[in-house]
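Reviewing the structure listed below.
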Amino acid sequence: MNPNPAGSPQHYPAGGPSPYAPQPGPYTQPQPPAPAPAERGKVATALLLVSTILMGLMAGLFFAFDVSVMPGLAAGDERTYVTAMQNFNSAIDGNGIFGMAFVLALLLSAASAIVEFRNGRRSVAVWVGAAAVVYLVVLMITFSVNIPLNNELADAGDASKLTDFSIVEKFKGTWVSTNIVRTLLCTAALTALARALVLYGRATR
């Protein structure tokens, strides 16, 4: 005897597939899985931490020149001043690690601000973005004042053959003053990143 005579309704288990549900076509492409929240969190954390470390390194470098290098050179003679600064600049310019830290402090801070904004942590993004803007001012000062003076000092040539030491006065005045400004700005940027870390910790706790 047929348990399902013609014309009687078909019954399917609850939650089971319906024969009338659309089936995937032969050209249906599988969608890639979205990044897991944990993975996004690791990226955001790494960006913020590395940005803070790099900003601290830059602030420390400028501070070291303020409190030791430049006062020490000013206590000596002008030829020693020129020679030492030429050597310092040459060593820094040729150092790839310094170059990476110098540039990535800005790039990673900006990237971190964007990530935090997209993740909905607006207060964190504001502080990180402020740090990036402040450090951008540092770069502008560096490229418009300090680097041109460094190049002028390099073009002076061998210090033992110099007779005009006016460049030394420019360094003692303009270069030293702008370096103090760079130190203060980097410290302000570092403080902003430290505040961002505190807010980030509260938001992700």
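The values are calculated or read from the model by the stated rules, or taken from the named source; none is laboratory data. In this text the structure is predicted, and so the values were computed from the model without any measurement. Cβ: placed from backbone, ideal geometry, glycine included. Neighbour counts: every protein chain shown. Accessible surface is based on the protein model in full, side chains and every heavy atom, while ligands, DNA and RNA are left aside. Shrake-Rupley method; radii C 1.70, N 1.55, O 1.52, S 1.80 Å.
When peptides 108-118, 193-203 are sorted by average Cβ neighbour count within 10 Å, with the highest value leading, the order is 108-118, 193-203.
Solvent-accessible area assigned to carbon and sulfur over segment 102-181 amounts to 68 percent, based on a 1.4 Å probe. Across segment 60-205, the mean sequence separation of Cα contacts (distance under 8 Å, 6 or more residues apart), normalised by length, yields a relative contact order of 36 percent. Per-residue extension of 0.36 nm, minus the Cα-Cα distance of Arg122 and Ala46, leaves a gain of 25.6 nm for this segment. Couplings 3J(HN,Hα) of segment 83-91, computed from phi: 4, 5, 5, 4, 5, 4, 5, 5, 5 Hz, in residue order, whole Hz [Karplus 6.51 cos²θ - 1.76 cosθ + 1.60, θ = phi - 60°; x for Gly and Pro].
Spread over its residues, the convex hull of the C-alpha atoms of segment 56-205 is 97 Å³ per residue.
Length gained on full extension, Ala101 to Val137, computed as 0.36 nm times the residue gap minus the Cα-Cα distance: 11.4 nm. Were the residues from Arg79 through Lys161 laid out at 0.36 nm apart, the gain over their Cα-Cα distance would be 28.6 nm. If each Cα of segment 37-119 is one equal point scatterer, what is log10 of I(q)/I(0) from the Debye formula at q = 0.26 Å⁻¹? The computed values of log10 I(q)/I(0) come out as -1.18.
The residues packed around Ala59, meaning those with a beta-carbon under 12 Å from its beta-carbon, carry a net charge of 0 if Lys and Arg are +1 and Asp and Glu are -1. Average accessible surface for segment 38-86: 49 Å² per residue, computed with a 1.4 Å probe over protein heavy atoms with every protein chain in place.
Ordered from highest to lowest accessible area with the whole protein assembly present and a 1.4 Å probe, Val145, Val137 read as Val137, Val145. The string of couplings for segment 172-178 from the Karplus curve (6.51, -1.76, 1.60, θ = phi - 60°) is 5, x, 5, 4, 5, 5, 5 Hz, one whole number per residue in order, with x for Gly and Pro.
What segment 141-205 shows is 53 Å² of accessible area per residue, with the surface traced by a 1.4 Å probe over protein heavy atoms.
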